[in-house]
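Heads up, the thing below is written out as structure tokens.
The values are calculated or read from the model by the stated rules, or taken from the named source; none is laboratory data. Just so you know, these numbers come straight off a predicted model, no measurement behind them. Ideal geometry is used to build each Cβ from the backbone, glycine not excepted, and the neighbour counts take in all protein chains shown.
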């Protein structure tokens, strides 16, 4: 049994190997982490730096999606012409000592019995009179100008002797006007040193009444009367120029013009004794009429540097109302001029 003998020989060899001393075999080697090589990795590229953004220019101011015009852009207000803080209210009280004059050529027809008569009454000289006025204003924030409302009263009368239709008479003439203005005034429109120029626009109501009554003996009289009431747009420009030698003192001027459309009523009356009988009669006319106003103020204003909330103005004032009696064949203009003094206070 040669195969069976070979197997026994193999088992004997394995037993001999197992019987050898343990020191005859090398110790086991501990396995570490896997090695992937010692070559150097390539360096990472530097992180790019972003330069700082340049200073941005602020976009222009917009109103309703449109750029503001230059005259509405905010501008620094010079200290010498400070008109009070934004959002504040100011009040201006004025009084004028003026000489008014009515240049009227009113005439109308009446019938005294069966006799047609043309009524004409001369104009007596009016007396010098006081002319009060008051203005209320509001400073719009962000140097946006100002809103204002103004009222002015002018009233006077005078008496002179006249010969009317061959009769000696005493003529009394009267005048009464009421003016109401609503408007807007811009901020300073120029950047020139020591100058302050402002423009404005608005609306005006004007009521003008005047009459003349000539009275004589035996019930003789003649009367003409005119009342105009109208409204329309106005435009103005205000100018100030600082006097460098006196801080707070400035040359000041104001020009304003208006076109008014309204209603005019004229009354003509007469009384006279004819053939021992006293007759009285009256007639009236009514028309729509366009009139024109022109006003000029010029003088000196002073705003103390230590109290810029206060301002005083003194100067010359002139105003003319054209065509305030213009129903053909009649015509009339009204004019006044004199000295104006005003005081302004900013709250």
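Residues in region 324-345 that are outside any strand (DSSP E or B) and either in contact with a helix residue (DSSP H, G or I) (Cβ under 8 Å, 6 or more places away or on another chain) or under 16 Å from residue 179 (Cα atoms) (or both): 324 alone. Exactly one residue out of 176, 188, 143 is in contact with a strand residue (DSSP E or B) (Cβ under 9 Å, 6 or more places away or on another chain) and either closer than 23 Å to residue 281 by Cα or outside any strand (DSSP E or B) (or both): that is 188.
A single entry from 48, 42, 132 fulfils the requirement of being under 30 Å from residue 250 (Cβ atoms), modelled with pLDDT of 60 or more and either under 40 Å from the mean Cα position of the chain (by Cα) or outside any strand (DSSP E or B) (or both): 132. Residue 264 meets the conditions (1) within 27 Å of the chain's Cα centre (by Cα); (2) over 17 Å from residue 101 (Cβ atoms); (3) assigned to a strand (DSSP E or B); (4) touching a residue at least 60 places away in the same chain (Cβ under 8 Å) in every case but one. The failed one is (1). Search region 323-347 for residues being touching a strand residue (DSSP E or B) at 6+ places or on another chain (Cβ under 6 Å), surrounded by fewer than 17 Cβ atoms within 10 Å (Cβ to Cβ) and farther than 20 Å from residue 153 by Cβ, and hand back the single one that is modelled with the highest pLDDT. Selected residue: 345. The residue that is surrounded by the fewest Cβ atoms within 10 Å (Cβ to Cβ), among those in region 303-322 that are at pLDDT 90 or above and either in contact with a helix residue (DSSP H, G or I) (Cβ under 9 Å, 6 or more places away or on another chain) or part of a loop (DSSP other than H, G, I, E, B) (or both), is 304.
Test residue 147 against the stated conditions and say whether it is over 29 Å from residue 225 (Cβ atoms), at pLDDT 95 or above and out of contact with any helix residue (DSSP H, G or I) (no Cβ under 9 Å at 6 or more places or on another chain). Criteria met by residue 147. The condition (being part of a strand (DSSP E or B) and under 15 Å from residue 100 (Cβ atoms)) is satisfied by just one residue among 183, 158: 158.
Within region 197-204, one or more residues are under 21 Å from residue 333 (Cβ atoms), at pLDDT 95 or above and under 16 Å from the mean Cα position of the chain (by Cα). Checked across region 104-117, the condition of being under 24 Å from the mean Cα position of the chain (by Cα), in a strand (DSSP E or B) and either over 29 Å from residue 280 (Cβ atoms) or at pLDDT 95 or above (or both) holds for no residue.
Every residue in region 243-261 that is part of a strand (DSSP E or B) and either without any contact (Cβ under 8 Å) to a residue 24 or more places away in the chain or surrounded by fewer than 20 Cβ atoms within 10 Å (Cβ to Cβ) (or both), please. Result: 249, 251, 253, 255, 257, 259, 261.
The condition (being touching a strand residue (DSSP E or B) at 6+ places or on another chain (Cβ under 8 Å), within 30 Å of residue 308 (Cα to Cα), modelled with pLDDT under 85 and outside any strand (DSSP E or B)) is satisfied by just one residue among 85, 60: 85.
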